[in-house]
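See structure below.
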Amino acid sequence: MGVSFLSQLLKEKTESAHSYIVFGSNTGPAIVTADGWKLTLLLSRNTIDFFLPDDPQELNDLSTIHVDKVSELKSLLLKECGGNLRNGVNKAG
């Protein structure tokens, strides 16, 4: 079951904060961390890594500069996808 973000929209305090969220797309899974990192795995090619507080429009791919961060986030994604990154690809046509 998913986690509701209604309290965030209503600016209410929550009892537990999540350190990251994971979501799927048509091209592969992605993860966004509470501290602003976003990793998108494009299964047809490479990864793309952004630091959203400095780059909210996602214009600067940092994956070649922050290799350790990419590795850390990719490990989290793999765990959340049940060991198979293809589980993060939307199956709807």
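As a test of reading the structure, rank LYS79, LYS69 by solvent-accessible area (1.4 Å probe, protein chains only), most first.
The ranking, largest first, comes out as LYS79, LYS69.
Straight-line reach from LYS11: which lysines have a Cα under 29 Å away, not including same-chain ones fewer than 8 places off?
Cα-Cα hits under 29 Å: LYS38.
Under the Karplus relation 6.51 cos²θ - 1.76 cosθ + 1.60, θ = phi - 60°, what is the ordered set of whole-Hz ³J(HN,Hα) values for segment 58-68, x standing for Gly and Pro?
Calculated HN-Hα couplings, in order: 6, 9, 10, 6, 9, 5, 7, 8, 10, 4, 5 Hz.
Can you figure out the FRET efficiency of LYS91 with ASP35, using R₀ = 35 Å and their beta-carbon distance, to the nearest 0.05?
Numbers: r = 31 Å, r/R0 = 0.88.
Once rounded, the FRET efficiency stands at 0.70.
Can you list residues from other chains, or at least 5 along the same chain, whose modelled amide H is less than 5 Å from the amide H of LEU62?
ASP49, PHE50
Run the 1.4 Å probe and let me know the accessible area of ILE21, rounded to the nearest 10 Å².
Rounded to the nearest 10, the figure is 100 Å².
Please turn the phi angles of segment 47-56 into ³J(HN,Hα) values with the Karplus equation 6.51 cos²θ - 1.76 cosθ + 1.60 (θ = phi - 60°), one per residue in order, whole Hz, x for glycine and proline.
Values, residue by residue: 8, 10, 10, 10, 10, 4, x, 8, 9, x Hz.
The values are calculated or read from the model by the stated rules, or taken from the named source; none is laboratory data. Everything numeric here is computed off the predicted structure, so don't read it as measured data. Virtual Cβ from ideal backbone geometry, glycine too; neighbours counted across all protein chains shown. Remember, those area values only see protein heavy atoms, side chains included, never the ligands or the DNA or RNA. Shrake-Rupley method; radii C 1.70, N 1.55, O 1.52, S 1.80 Å.
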